[in-house]
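The structure appears right after this line, and notes come after that.
The values are calculated or read from the model by the stated rules, or taken from the named source; none is laboratory data. Note that this is a predicted model, so its numbers are computed, not measured. Cβ: placed from backbone, ideal geometry, glycine included. Neighbour counts: every protein chain shown.
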Amino acid sequence: MIKRFVFGNPMETEAVPEKPQAVQIYADKAGKEKKGVKEDVRTGKKSETALPHLVWDDEALSLRMDDEDIVYGLGENVRGINKRGWIYVSDCSDEPDHHEDMHSLYGAHNFLLIDGTETFGLFIDTPSKVTFDVGYTKYDELRITVEDNAFELYVIEAPRLERSEKTIGTTGTVTVADGEKCAMNEWDTQDGFAEQELSAPEQIVHEFRRLIGRSYIPPKWAFGYGQSRWSYMTEQEVREVARRYREHHLPLDMIYLDIDYMERYKDFTVDREAFPDFEELVEEMKEQGIRLVPIIDAGVKIEKGYDVYEEGIANGYFCKDEDGKEFIVGVWPGRCHFPDMLNDEARRWFGRKYKVLLDMGVEGFWNDMNEPVIFYSEKRLEELFDKLGAYKGRNMGVDDFFEFQHMPAVLSNCAEDYRSFYHNCRGQKVRHDKVHNLFGYYMTRSAAEAFEELEPDKRILLFSRASYIGMHRYGGIWTGDNKSWWSHLLMNMKMLPSLNMCGFLYVGADIGGFDRDCTRDLLLRWLALGIFLPLLRNHSAKWTRRQELYEFGDTEDFRGILALRYRLLPYLYSEFMKAALTDGMYARPLGFAWREDPIARRVEDQMLIGESIMIAPVYEQNAAGRVVYLPEEMKLVRFKDAQISEETVLPAGHHYVEIPLDEVVLFVRKGHILPLAQGGEKVADVDWDELELVHFAGRGARYDLYDDDGVSRDVDLDEGIQWICL
Ligand code: MIG
């Protein structure tokens, strides 16, 4: 059950495609509506109403929390799965230091799920800044403050649980020999996945996700392994990466191109000196089963004769300053303009520009710098030069010196700059900071909507750095500039279920860490987690140690782990697609499944991936293994060289499990089946028909395997399902 409340007069975000009928209006101090008045939009009748769970005091929404309450959600953020004990601010930020005392990262994901005495979800829909004090100031209080008090609030409650038996299709009992697949002939859609027994938090997530619309579905090849680096500078370098992967029989499906493939960092251009035969390169790579995935940045270079610049100027498609002149910012190419992503026409225009690369054979993109990042604004830069000049010849004492030293640092992503340019939203002049959190979302939407027109029969890979809820319908995200730190491996895992709750299913972090130097053992451990994430990409920054898997000596152990990814593909793809098509979760915290188990509810370094397995990665250097908590009896399955080397049933409770660097351990849940393919060196090699079944189940158990051609936009859950029965 979803209730919607409107506070003040918020800007439309289009996070919710179809809003629930009954609108209840709460106004802020300045508003005209009486507080607590409910209006039925159909009849126009007004009546007194109360806000469920929360209190509104004209400044903030607040909620009293019990000690045992867990607060889930908030998508891309630092710290735990349980968000209690910190302040989070939704304010899309280019923040390369993901320290645990950060308040904002690149996304603004205003969904919370309170699980305790009462279990319900909250979505604060507003394009501007929101502050979530989740028991930081007062441990027992959740306090949500929204800039300008203009927002829509959705309160999501679990429908009363009907503990029906899990429905088994309509074909009756199908018994076949162990490991054999049986076709599913009659599948009553009524008995589909939505009917599966969901726990209260799962139901709330499901309701919320239904509200915000279906999550983005990438092509199947995008579930392969991708190698990235800032940057592969030339065609030769790209060829060399491909060659070495193939030579070492390390699976590979994608090579990413960072900003240096462009001509002087200009979007939708190719540096023809470094990539003279770009089209041929794309083709040649495709023949090897490898897709090239170029980056697109938010800023458009100011350069006479550059078509994107010229068209943007001619049509007034760029963001303007107070006086109506194109706003100038410094980003990669130097002086730039921002395309006005919030202007419908400009957005359509920018999206259609991707055609330049589509026509060259490209089938995937990543959108960067779209918070949007401002290195400096022209105005502030000039002011700075003046200010710095004034220090010349001065005897600088400590105060002067510190002030002097910090001056250039405040140039970037300066709040005042975000208040200095404007969008044209359907004729309305809107100051950027009021809609800041929508920029990356609308940039990605611009591309996705163009792809629907330009490539109606094909899925295009697309993911973004900045995001807002609603963008999950158009693309995935990667979680930005992490570091080659063990703590960031753990953070990668913890973010996953939070992102899923907010609709982002195709997600991943830079495996091995973006910034700083990666070590062999870190990369192995990170890969052992990464093989379970939908977006599996190894990416690293320019000035760091090279991070391709063949750069660390012997490749056998890397190959063993990565090969397992390709064996897991039918299962992972199936679980991803079922999650997308049923508004469900791909990765779940243990507490969602074992509701009554107080230990399971607090476990944050293990999680369920799909319905059949639990993972418990190692995230500490030099650890020989780790303690794993089993909420119930499970089957430990150990892989070495992608082959099963151990299957042991373990009782519920804590266990110390040894996990050498070159092995992967996972846990199959009781009553469940894990199908495994033979593997391959690219997604196209994987044979979905020759499956080996790992199971911890008796006869009669079944797994619903989803598959499709992996490219069509047209997807149908029921058509894609096949039963696997024991
Ligand atoms: O200011 O394009 O997060 O993945 O390699 C850095 C260069 C700009 C930030 C992205 C990163 C990418 C880098 N970009």
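In table form, for the structure just shown:
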{"read-out": "Test: residue in the stretch 589-599 that is touching a Gly at 6+ places or on another chain (Cβ under 9 Å), under 22 Å from His472 (Cα atoms) and of a type outside the set (D, E, K, R)", "value": "no"}
{"read-out": "Any hit, the stretch 188-205, residues being of a type in the set (D, E, K, R), in contact with a Ser or Thr (Cβ under 9 Å, 6 or more places away or on another chain) and either under 30 Å from Ser464 (Cα atoms) or modelled with pLDDT of 95 or more (or both)", "value": "no"}
{"read-out": "Residue within the stretch 307-330 that is of a type in the set (Phe, Trp, Tyr) and surrounded by fewer than 20 Cβ atoms within 10 Å (Cβ to Cβ) present", "value": "no"}
{"read-out": "Filtered residue count, the stretch 585-608, keeping only those that are within 30 Å of Asp714 (Cα to Cα) and either polar (S, T, N, Q) or crowded, with 24+ Cβ neighbours inside 10 Å (or both)", "value": "4"}
{"read-out": "Evaluation of Ala684 against (1) more than 28 Å from the chain's Cα centre (by Cα); (2) loosely packed, with under 14 Cβ neighbours inside 10 Å; (3) not in a loop (DSSP other than H, G, I, E, B) (one fails), failing number", "value": "(1)"}
{"read-out": "Breaking point among (1) under 20 Å from Val507 (Cβ atoms); (2) outside any helix (DSSP H, G or I); (3) within 16 Å of the ligand (Cβ to nearest atom), for Thr444", "value": "(2)"}
{"read-out": "Filter pass, Asp115 being touching a strand residue (DSSP E or B) at 6+ places or on another chain (Cβ under 6 Å) and touching a residue at least 24 places away in the same chain (Cβ under 8 Å)", "value": "yes"}
{"read-out": "Near pairs, Cβ below 6 angstrom, 6+ apart or cross-chain, from the stretch 246-269 (under 19 Å from Ala222 (Cβ atoms)) to any residue that is of a type in the set (Lys, Arg)", "value": "Leu250/Arg559; Asp253/Lys682; Met254/Arg291"}
{"read-out": "Complete set of residues in the stretch 205-251 that are outside any loop (DSSP other than H, G, I, E, B) and within 16 Å of the ligand (Cβ to nearest atom)", "value": "Gly226, Gln227, Glu237, Val238, Val241"}
{"read-out": "Some residue of the stretch 372-382 being free of Cβ contacts under 8 Å to residues at least 40 places away in the same chain and surrounded by fewer than 21 Cβ atoms within 10 Å (Cβ to Cβ)", "value": "yes"}
{"read-out": "Tally, over the stretch 333-359, of residues that are in contact with a Lys or Arg (Cβ under 8 Å, 6 or more places away or on another chain) and surrounded by fewer than 23 Cβ atoms within 10 Å (Cβ to Cβ)", "value": "5"}
{"read-out": "All positions within the stretch 694-709 that are aliphatic (A, V, I, L, M) and closer than 11 Å to Pro675 by Cβ", "value": "Val694, Leu705"}
{"read-out": "Single unsatisfied condition, Tyr629 versus (1) within 23 Å of Phe208 (Cβ to Cβ); (2) in contact with a Gly (Cβ under 9 Å, 6 or more places away or on another chain)", "value": "(1)"}
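Condition check ((1) modelled with pLDDT of 95 or more; (2) more than 16 Å from the ligand (Cβ to nearest atom); (3) more than 17 Å from Ser467 (Cβ to Cβ)) across all residues:
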{"residue": "Lys3", "(1), (2), (3)": "no, yes, yes"}
{"residue": "Gly8", "(1), (2), (3)": "no, yes, yes"}
{"residue": "Glu14", "(1), (2), (3)": "yes, yes, no"}
{"residue": "Val41", "(1), (2), (3)": "no, yes, yes"}
{"residue": "Gly44", "(1), (2), (3)": "no, yes, yes"}
{"residue": "Tyr72", "(1), (2), (3)": "yes, yes, yes"}
{"residue": "Tyr88", "(1), (2), (3)": "yes, yes, no"}
{"residue": "Asp91", "(1), (2), (3)": "yes, yes, no"}
{"residue": "Asp115", "(1), (2), (3)": "yes, yes, yes"}
